[in-house]
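The values are calculated or read from the model by the stated rules, or taken from the named source; none is laboratory data. Source: prediction; values computed, not measured. All Cβ positions, glycine included, derive from the backbone under ideal geometry; neighbour counts span all protein chains shown. Side chains are part of the model used for accessible areas, which takes the heavy atoms of the whole protein and leaves out ligands, DNA and RNA. Shrake-Rupley method; radii C 1.70, N 1.55, O 1.52, S 1.80 Å.
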Amino acid sequence: AQAILAQGFSPASSVRSPIGCHGRAPSFFSSVMAAVMAARDIEVAAPEQLQEQPTLSDKSSEADGESQQLDVEAEAQLPPQRLILVVMVCMIQGYTLIGPLQHAFKVQMKIGDTGDVAHVFTQAAALVQWGKFAMTLGQNVLLACLCPMQRVFLAMVGMMLGCLIPPFFVYALGSTWLGWVFISFGLIGLSLGIFECTFLNVITPLGPLTKSYAIMGFPAAFAIINVIGMSIVSFGVPVQALFWYIVVCLPIGIALFATRFVPQLVGGGVKGDGSATAQINKQAVVWNSLKSCSVWLPQLVPFMLANIVGHFVMEGALPANFNTFNDRQAPLLSRDDGPLMTTSQFFVVFFVFVGLGDMLSRRVGYCFRLDSYTSNLIALAAGIACCVFGMLLTRIGVGVAAWASAFCAFSGQGFNYAVSAKYIDRFVPREHNLAAYSFWMFAGGAGAIAGSTMVDVLRGWICHGQSYPHLCMAGHHR
């Protein structure tokens, strides 16, 4: 607020949000109110009002291209705002319900790993991916009355409601109604579909260094829950404590985003000294973006294909491991015998490799310049190779191979995520930034759906249709 006032705005003066909302310079809570209560004043930029950003294949309008390149370079000089990582972690922790907490949810519902009810549960859990898939693009139509900032807050509230169902209705009240699974995972998926692409678009004016910390929120959230949280659970803390922790963090994330970042975004971004700027992040409506799709969509196709592969591996092979290593102990070197480790400890180590591979690769992805389209394609090919190799390692069916599989698969996915986000922000015309993120994540959602609905098939692929002394058990033995 002080930064905005320093630029000559008064607390009562109206300012234009870079993401299409009117707002007022905020006090403690007015920033979130400016975002949430401004639906009637949404501004959608007309194509002729928008300055075209240069693409890798577009050599026209040299003066405009140089101006846009200067904007990109200016954003690249903005200092990183690391607190954005906390906001992302608070939100994405809800997504971790697809991991070990999904299995804990299933156990509390008294559902085994095989049988018709188990299959129904798996399909209900796949609603996370169906919801994400549908709303990644669907929000541009169904929520057209809301500006991107408002959609971010709506998604965070929806995530909080979805995450509240398991600890309250299933653990606290003891309900085993299967409908709770559909409602919980459905809300989480819809909210995630709204949030991910919209949030990445909204924070674009804060610069690539800030965004590099934001995208690290995914592996950080999974590491907090699946490594630290599950380690605590292994020492006797009830697993429902993790569910409650996730719920409590969400309003904290909402408050932090509203008070720390909304004022800057309403002011148009930040300079190196922290003062507000007049940069505009206007977005064309999806129909106008589609009319101009020849400018940006064909070049985006390889990034979409890479996202399909990465999400298939991430959402298929990962849950399949939970249903494969389902004895009290996990074999490390052999299916039948050899060194054993407590399964809870095994998965703690498993998610250390997941977190390291995903987080480090996302940071590494932002370290490469990737100034040409060819260099971006080479980077994508390397990431896809890591994902595929990681999935093939899963078939070995022993603990050490599973750790290596997790590291390779998530390194490839994280690297391609960073490469794609950097490409979209740098080379896709800025007015089509949200549309590009929507299509890119829509493709990833398709891969995630394919992977999540084939968890049982992948488990059979790993187990070869057999049961072993500590592997591929028919029921829960933990």
Residue-normalised accessible area of region 288-439, expressed per residue, 1.4 Å probe, Å²: 35 Å²
Within region 191-220, backbone nitrogen closer than 13 Å to the virtual label 7 Å beyond the Cα of A74 toward Cβ: 205-207
Whole-Hz couplings from phi, Karplus 6.51/-1.76/1.60, listed for region 74-82; x for Gly and Pro: 5, 5, 5, 8, 5, x, x, 10, 6
Surface accessible to a 1.4 Å probe, per residue, for the residues of region 138-196, Å²: 33 Å²
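Relative to the present Cα-Cα distance, how much length would full extension add between K110 and C293 at 0.36 nm per residue of separation?
Values: separation 183, 0.36 × 183 = 65.88 nm, distance 4.91 nm.
Full-extension gain reported as 61.0 nm.
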Options T324, N376, V352, ranked by Cα towards positive dipole end of region 317-385, top entry (Cβ charges): N376
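Given R₀ = 45 Å, FRET efficiency for F168-F368 by Cβ-Cβ distance, to 0.05?
Working: r = 45 Å, r/R0 = 1.00.
According to the calculation, E is roughly 0.50.
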For region 81-156 versus region 309-345, the gap between their alpha-carbon centres in whole angstrom: 23 Å
Percent accessible area from carbon and sulfur atoms, region 155-254, protein chains only, probe 1.4 Å: 82 percent
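Calculate what fraction, in whole %, of the accessible area of region 290-399 sits on carbon and sulfur atoms when a 1.4 Å probe is rolled over the protein chains. Before the final figure, lay out each step's value.
Numbers: 3310 of 4620 Å².
Heavy-atom surface of region 290-399 belonging to carbon and sulfur, 1.4 Å probe: 72 percent.
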Too-long pairs where the Cα-Cα distance tops 23 Å, listed order kept, from K110/K132; K282/K422; K211/K282; K132/K211: K110/K132
Inter-site label distance for I228 and I378 at 7 Å from Cα along Cβ, in nm: 3.8 nm
Gyration tensor verdict on region 295-409 (Cα atoms; rounded if a/c is under 1.5, prolate if a/b is larger than b/c, oblate otherwise): prolate
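What do you get for Rg/Rh over region 340-478 if you use C-alpha atoms and the Kirkwood form of Rh?
1.06
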Residues with amide H under 5 Å from that of T342, placed H, sequence gap 5 or more: A330
Accessible carbon and sulfur surface of region 429-478 relative to its total accessible area, %, 1.4 Å: 66 percent
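How would you order 350-360, 135-145 from highest to lowest mean count of nearby Cβ atoms within 10 Å? Kindly include the intermediate steps, with their values, before the conclusion.
Values: 350-360: 23.0, 135-145: 18.0.
Descending mean neighbour count gives 350-360, 135-145.
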Enclosed volume per residue, in Å³, of the convex hull spanned by Cα atoms of region 130-175: 79 Å³
Length released on extending from V301 to L256, taking residue separation times 0.36 nm less the Cα-Cα span: 12.7 nm
